[in-house]
Amino acid sequence: MAYEKAGYEKGDPSAHKTLLARTDGVTTRKVVILAGRVLVAGAVLGKITTGSKYVLSLSASSDGSQTPDMVLAQDVGASAEDVEAIAYETATVVASALTIGAGHTLASIREGLRVKGITIDD
């Protein structure tokens, strides 16, 4: 029920093969993407400490979102208002399918995401 607002649709998990390296061990969570953003599946998200909304993680941010936290599982157009979306809480993702914010590199996000349950397959 709660996932309906997040635009979740039942389907074949193999549809995300370009983003997911494996389909076992995947867990998702509903998140709120802050208004003013258009993000694609694979965006590395950071959580803003105040309000707990998510944006593309940028290393120069100072609102908490500079720390990579999750990976967006679907394309999101939140240009006009906040939008609920599904993000990977645990998964093995393909490095080339990730959208990494300014100032981050695969090396800079790898360990932090691994600790949270997201591993990156080169």
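No lab work stands behind these numbers, since they all come straight from the coordinates. Bear in mind the structure is a predicted one, so any value in this text is a computation, not a measurement. Positions of Cβ are backbone-derived with ideal geometry, glycine not excepted, and every protein chain shown enters the neighbour counts.
Brief remarks follow.
- Ranking 36, 112, 58 by how far each Cα lies toward the positive end of the dipole of the chain (charges on Cβ) leaves 112 at the top.
- Between residue 35 and residue 121, the simple label model (points 7 Å from Cα in the Cβ direction) yields a spacing of 3.9 nm.
- The stretch between residue 23 and residue 81 holds 17.8 nm of extra length on full extension. This uses 0.36 nm per residue minus the Cα-Cα distance.
- Net charge of neighbours whose Cβ lies under 11 Å from the Cβ of residue 89, counting Lys and Arg as +1 and Asp and Glu as -1: +2
- Length gained when the stretch residue 67-residue 114 is fully extended (0.36 nm per residue, less Cα-Cα span): 15.7 nm
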